[in-house]
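The values are calculated or read from the model by the stated rules, or taken from the named source; none is laboratory data. All values reported here derive from a predicted model rather than from experimental measurement. Using ideal geometry, Cβ is built from the backbone for each residue, glycine included, and neighbour counts are taken over all protein chains shown.
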């Protein structure tokens, strides 16, 4: 049998409903010279080809399901599938995305038109079917990051496994994904690719993704920050892959706003309670609002101004897309996520003193 030009690699763990939708979208691709290999990361319910074909119709592409004997993470699931791939180009997709009819075609055209091309990364689109705030916020945040705020002078871009492609021989020489990472394995691989090759960002290569709620995304941010701290301590370098110095300043200013404002409110409420107790003759002595509490309010305001300046491109983008109220909610939500990212980094530092 003639080998296909592209092998689509999908890791799966208890993701049956997502995989079915993804396979359905792949079946509508205008490009047909590809195979699909699903790496089942020891899901609770074992995936099979028949299991994934809910309409029981034979797919227009070759489909395999390979299963790990124990849960080892998405990196191991991808590596298992990649070892059985026959295509010249490997296309990695997350299980919870859906491709557009021209997504695979655009990837194929980029590789066939440029023999020197080694790796390409695409992007999630900015649209969400749900009207819930947080999924819309997350979609706009990611889109803005890649299209409005990206460091144009950066040498390489993140090999993001939501939608990314690489020549199979290069992937094999690099040894695949590092299975010690259950998060940030795409970033770790990016660093190894970038030592010898460029990773091209292709904004026209898109997939659709319905984002989860705040809790699920917050957990992912925490653990990605945990593993990113490990990588940073090895490299001692900010870069356009995970975070730049500019982005780190934005994160730091966001945390400073939350911290200083929370402390100011805590002190103010404590002093107000003491004043009320005194006036009603309960206990205590009259006190004035100390300069330190006022200074915390002033500091929080100053840091907020700095933070908004650092995020001005994103805030303007969100304002034009969704209006002033949405922009205000997005600003506050982003600061909370920055605090969660900091907690992930602190947790790694405490565990690896």
| field | Within segment 146-251, helices (runs of 4 or more DSSP H) holding 2 or more residues that are more than 23 Å from residue 11 (Cα to Cα) and without any contact (Cβ under 8 Å) to a residue 40 or more places away in the chain | value | 214-235
| task | Could you identify the single residue in 250, 242 that is at pLDDT below 95, under 16 Å from the mean Cα position of the chain (by Cα), under 30 Å from residue 299 (Cβ atoms) and surrounded by 20 or more Cβ atoms within 10 Å (Cβ to Cβ)? | result | 242
| task | Only residues that are crowded, with 23+ Cβ neighbours inside 10 Å and assigned to a loop (DSSP other than H, G, I, E, B): list them for segment 1-47, please. | result | 41
| message | Taking the conditions exactly as written (buried (at least 21 other Cβ atoms within 10 Å of the Cβ) and closer than 18 Å to residue 177 by Cβ), does residue 77 satisfy them or not? | response | yes
| In the list 96, 115, which residue meets the criterion of being under 20 Å from residue 159 (Cβ atoms), at pLDDT below 95 and within 27 Å of the chain's Cα centre (by Cα)? | 96
| task | Working only within segment 309-332, note down all residues that are in a helix (DSSP H, G or I) and crowded, with 17+ Cβ neighbours inside 10 Å. | result | 310, 314, 315, 317, 318, 327, 330, 331
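Per-residue answers, yes or no, for (1) in contact (Cβ under 8 Å) with a residue 24 or more places away in the chain; (2) touching a strand residue (DSSP E or B) at 6+ places or on another chain (Cβ under 8 Å):
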site: 96; (1), (2): yes, yes
site: 131; (1), (2): no, no
site: 134; (1), (2): yes, no
site: 138; (1), (2): yes, no
| field | Among residues of segment 48-79, those that are under 23 Å from the mean Cα position of the chain (by Cα), within 29 Å of residue 111 (Cβ to Cβ) and not in a helix (DSSP H, G or I), counted | value | 1
| query | Does residue 335 count as farther than 23 Å from residue 245 by Cβ and buried (at least 17 other Cβ atoms within 10 Å of the Cβ)? | reply | no
| request: Scan segment 191-210 residue by residue and report those that are under 21 Å from residue 75 (Cα atoms) and within 16 Å of the chain's Cα centre (by Cα). | output: 207, 209
